[in-house]
Amino acid sequence: KSSYANVCNATSTREEVVLNFGVAENWERSPQNMEIELAHRIVLSPFAAKRLSDMLAKLVAEYESRHGELKP
């Protein structure tokens with residue numbers, strides 16, 4: 001199943017890393033009042049989260065080398 005998300009939030013405990021993905025429908029509101037529809041929650045072990053972090057860092061570096069620097 002494919003899903004689109006334009007918002008991601010991450011939290012962690014000693015045992016797990018939790019990634020919440022959702023969609024913000026209206027970017028006009030301030031961040032404090034933004035309504036987000038939570039679509040998916042992914043729970044990972046810290047080891048899997050580290051591997052994901054490394055993989056995403058490589059992916060972003062490759063993207064930036066082709067298309068230019070991304071500014072957060």
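The values are calculated or read from the model by the stated rules, or taken from the named source; none is laboratory data. It should be emphasised that the depicted structure is a prediction, and the values quoted were computed from it without experimental measurement. Every residue, glycine as well, gets a Cβ built from its backbone with ideal geometry; the counts of neighbours run over all protein chains shown. Calculation scope for accessible area: heavy atoms of the full protein, side chains included, ligands and nucleic acids excluded. Shrake-Rupley method; radii C 1.70, N 1.55, O 1.52, S 1.80 Å.
Things worth noting here:
- Selected from Leu38, Leu59, Leu19 as most flexible by GNM, with the chain as the system and alpha-carbon contacts under 10 Å: Leu59
- Environment charge at Leu59 (Cβ cut-off 14 Å; Lys +1, Arg +1, Asp -1, Glu -1): 0
- Applying Stokes-Einstein at 10 °C and 1.306 mPa s to the Kirkwood radius of the chain, computed over alpha-carbon pairs, gives a translational diffusion coefficient of 111 µm² s⁻¹.
- Within the chain, longest stretch clear of exposed trypsin sites (Lys or Arg not before Pro) (DSSP loop, no more than 15 other Cβ within 10 Å): 30-72
- Taking Met34, Met55 and ordering them by how much accessible surface each has at a 1.4 Å probe, largest first, produces Met55, Met34.
- Exposed GluC sites (Glu not before Pro) absent: longest stretch of the chain, with sites in DSSP loops and at most 15 other Cβ within 10 Å deemed exposed: 36-68
- If the chain linking Arg41 and Glu69 were pulled fully straight, counting 0.36 nm for each residue of separation and taking away their Cα-Cα distance, it would gain 7.2 nm.
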